[in-house]
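Below is one structure, written out as structure tokens; comments come after it.
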Number of protein chains: 2
Amino acid sequence: MPLAQQKDDVLMNHLLAALPADEFARLKFDLEFVSLALGEVLYESGDKLTHIYFPTTAIVSLLYIMENGATAEIGIAGNNGLIGIALFMGGETTSSRAVVQSAGNAVRMKGAKLKAAFALGGVFQDILLRYTQSLMTQISQTAVCNRLHSVEQQLCRWLLINHDQMQTDKLVMTHDLIANMLGVRREGVSIAAGSLQKRGLIKYVRGTITMLDRAGLEVAACECYQVVTDEYDRLLGEYISKNR
Amino acid sequence: MPLAQQKDDVLMNHLLAALPADEFARLKFDLEFVSLALGEVLYESGDKLTHIYFPTTAIVSLLYIMENGATAEIGIAGNNGLIGIALFMGGETTSSRAVVQSAGNAVRMKGAKLKAAFALGGVFQDILLRYTQSLMTQISQTAVCNRLHSVEQQLCRWLLINHDQMQTDKLVMTHDLIANMLGVRREGVSIAAGSLQKRGLIKYVRGTITMLDRAGLEVAACECYQVVTDEYDRLLGEYISKNR
DNA sequence: ATGTGTCTGTGCGATAAAGCACACAAGATG
DNA sequence: CATCTTGTGTGCTTTATCGCACAGACACAT
């Protein structure tokens, strides 16, 4: 892939694009372009991380796997986020699995290089920490949402959060996979999705969901979606406002 | 309160106690001793934080309040934690409320002083970041637990996490308050607590719960309790192992 | 075209928890 | 002591979701 295109791709990640020129120049030679396949596991729960990933077109889920095999998504990162917080937070590991939910590209950076860059402080450190706080909000909101909202509301929230990181309106994803993300039954997702389709908010056929009415989805979702995006904007808006 | 006792109290917070002598010496004159009353709100959702709090004998809950008034606890901090992550993460604010769940003491530090100390890096920064990661695990686990486990299991988890930060076996707390924390009905808590009492794990009378059989509670709890404490130990154990 | 695996729809019964209503009891207050 | 407030127990109906079973429908390969 030509260098020019790589550069474009790098800047598709909002966090990297937000860096001032001098800080970006310091990092850019440590960035490595990678392509992520659907279902690829960036790291397992407990694995020592080797790289931090900045998705550009890929979307990555943070999945928690219970002892009995049940799964639930606790967070998600696309081109407005990163994967591998544990590297600069100090733990080297997290208790979740990072799995590619939508194939695409990402830029990655070796753990040691990242830690060195983080230690320099500056905007880079600030962005990483602010992003971490926004991820905490996302996780908290998931916790609350799991407790208090219906499957249908949660499905709307999930579709919207995904849509925000997609370049199209088509999401390649079966009900079964969504059920794993939301930690509910497949049938529950089918019923909720059927209802949304009946109301003309989405359309789906065998593993592809098309968003038809974003505004309608926002109405059908619980407050959680708005809280999460608002908090992201509050924390990182001053850096990346021009890119959204 | 005499200075000597204040010093003892400061060191009751495991994170502060873990600091090497030179770093502690740098901070200690910025620490202010405060007493926290039951129900006191350290900050509201959206408030700009002024201080970071290191509880010594108090226990503080991070409560999320929905638009419809429903509440759910997303995290908790006692003498092994701190309150006010948003100060060093950069957001200055979080979308949760910090409320004193068990009266006691804490040490606090002005936001500006904290940020200066954080920027110096060193063990202090490392501890703050590692604690933040452990809090993320706690929040994630709460999310998963809300989705997949029964009220009774969650009650056990909650009792154990609290007990870990208490100096006694008696917890002053009504079923109603616990219900607010867990985001469930009061009756649900009464039934679960009744069952635990019948099995001899706890005893309660009008707002006071006594832990009778910790090991039994651990068995009755879901895996979530162990995951959270193990991760805390992994992240911070090297610093504070001697104090536990 | 035929089969085969995958995805979605649907119809049960079982269950956990919600929502509501109210009784009862222990302390606190006057 | 009488009353009030607060905390807990219990019963009932309703609801959401689960767990399971299976049928149809589509896509793809041979």
- Message: So B:Gln141 ticks every box in (1) within 14 Å of chain A (Cβ to nearest Cβ); (2) surrounded by fewer than 22 Cβ atoms within 10 Å (Cβ to Cβ) but one. Which box is left unticked?
- Response: (2)
- Checked pairs for region A:189-200, first farther than 16 Å from A:Thr174 by Cα, second small (Gly, Ala, Ser), C-beta under 8 Å and 6 or more apart or across chains, list as A:Arg199/A:Gly216; A:Arg199/A:Ala220; A:Gly200/A:Gly216
- Query: Only one of (1) within 14 Å of chain A (Cβ to nearest Cβ); (2) surrounded by fewer than 24 Cβ atoms within 10 Å (Cβ to Cβ) fails for B:Gly84. Which number is that?
  - Reply: (2)
- Query: Of the numbered conditions (1) of a type outside the set (Ser, Thr, Tyr); (2) more than 13 Å from the chain's Cα centre (by Cα); (3) within 11 Å of chain A (Cβ to nearest Cβ), B:Met136 satisfies every one except a single condition; which is it?
  - Reply: (2)
- Query: Mind checking which residues of region A:196-207 are out of contact with any Ser or Thr (no Cβ under 8 Å at 6 or more places or on another chain) and more than 10 Å from DNA strand D (Cβ to nearest atom)?
  - Reply: A:Leu196, A:Gln197, A:Lys198, A:Arg199, A:Gly200, A:Leu201
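Quickly run through region B:55-73 and pick out the residues that are part of a strand (DSSP E or B) and within 10 Å of the chain's Cα centre (by Cα). I'd like the intermediate steps shown before the answer.
Narrowing region B:55-73 to residues part of a strand (DSSP E or B): B:55, B:59-65, B:71-73.
Once the filter is applied, which keeps residues that are part of a strand (DSSP E or B) and within 10 Å of the chain's Cα centre (by Cα), region B:55-73 yields B:Pro55, B:Ile59, B:Val60, B:Ser61, B:Leu62.
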- Note on the structure: The number of residues in region B:34-58 that are touching a Gly at 6+ places or on another chain (Cβ under 8 Å) and acidic (Asp, Glu) is 0
- Message: Suppose we filter region B:175-199 for residues that are outside any helix (DSSP H, G or I) and under 14 Å from B:Ser150 (Cβ atoms); how many remain?
- Response: 3
- Residue count, region A:130-170 (criterion: free of Cβ contacts under 8 Å to residues at least 40 places away in the same chain, more than 16 Å from DNA strand C (Cβ to nearest atom) and not polar (S, T, N, Q)): 1
- Query: Got a number for residues in region B:201-244 being within 14 Å of chain A (Cβ to nearest Cβ) and buried (at least 20 other Cβ atoms within 10 Å of the Cβ)?
  - Reply: 10
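Per-residue answers, yes or no, for (1) surrounded by 16 or more Cβ atoms within 10 Å (Cβ to Cβ); (2) away from DNA strand D (no atom under 13 Å from the Cβ); (3) away from chain A (no Cβ under 14 Å):
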residue: B:Arg157; (1), (2), (3): yes, yes, no
residue: B:Leu160; (1), (2), (3): yes, yes, yes
residue: B:Thr168; (1), (2), (3): no, yes, yes
residue: B:Val172; (1), (2), (3): no, no, yes
residue: B:Asn180; (1), (2), (3): yes, no, no
residue: B:Ala192; (1), (2), (3): yes, no, yes
- Can you tell me which residues in region B:200-244 are at pLDDT below 95, charged (D, E, K, R) and part of a loop (DSSP other than H, G, I, E, B)? B:Arg206, B:Arg244
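Please determine whether any residue of region B:29-44 is of a type in the set (A, V, I, L, M, F, W, C), more than 22 Å from B:Asp126 (Cα to Cα) and part of a helix (DSSP H, G or I).
Just the residues of region B:29-44 that are of a type in the set (A, V, I, L, M, F, W, C), to begin with: B:29, B:31, B:33-34, B:36-38, B:41-42.
If we keep only those that are more than 22 Å from B:Asp126 (Cα to Cα) too, we end up with B:33-34, B:36-38, B:41-42.
Right, trim to part of a helix (DSSP H, G or I) and you get none.
Looking for residues that are of a type in the set (A, V, I, L, M, F, W, C), more than 22 Å from B:Asp126 (Cα to Cα) and part of a helix (DSSP H, G or I), one finds none in region B:29-44, hence no.
When region B:134-172 is examined, which residues are found to be among the small types (Gly, Ala, Ser) and at pLDDT 95 or above?
The initial filter retains those residues of region B:134-172 that are among the small types (Gly, Ala, Ser), namely B:134, B:140, B:143, B:150.
Listed by number, the residues that qualify are B:Ser134, B:Ser140, B:Ser150.
A:Gly183: small (Gly, Ala, Ser) and either under 21 Å from A:Phe54 (Cα atoms) or touching a Ser or Thr at 6+ places or on another chain (Cβ under 7 Å) (or both), yes or no?
Working: small (Gly, Ala, Ser): yes; either under 21 Å from A:Phe54 (Cα atoms) or touching a Ser or Thr at 6+ places or on another chain (Cβ under 7 Å) (or both): yes.
Yes, satisfied.
The values are calculated or read from the model by the stated rules, or taken from the named source; none is laboratory data. Please read these numbers as outputs of a predicted model, since none were measured by experiment. Quick reminder, even Gly has a Cβ in these numbers, built from the backbone with ideal geometry, and neighbours come from all protein chains shown.
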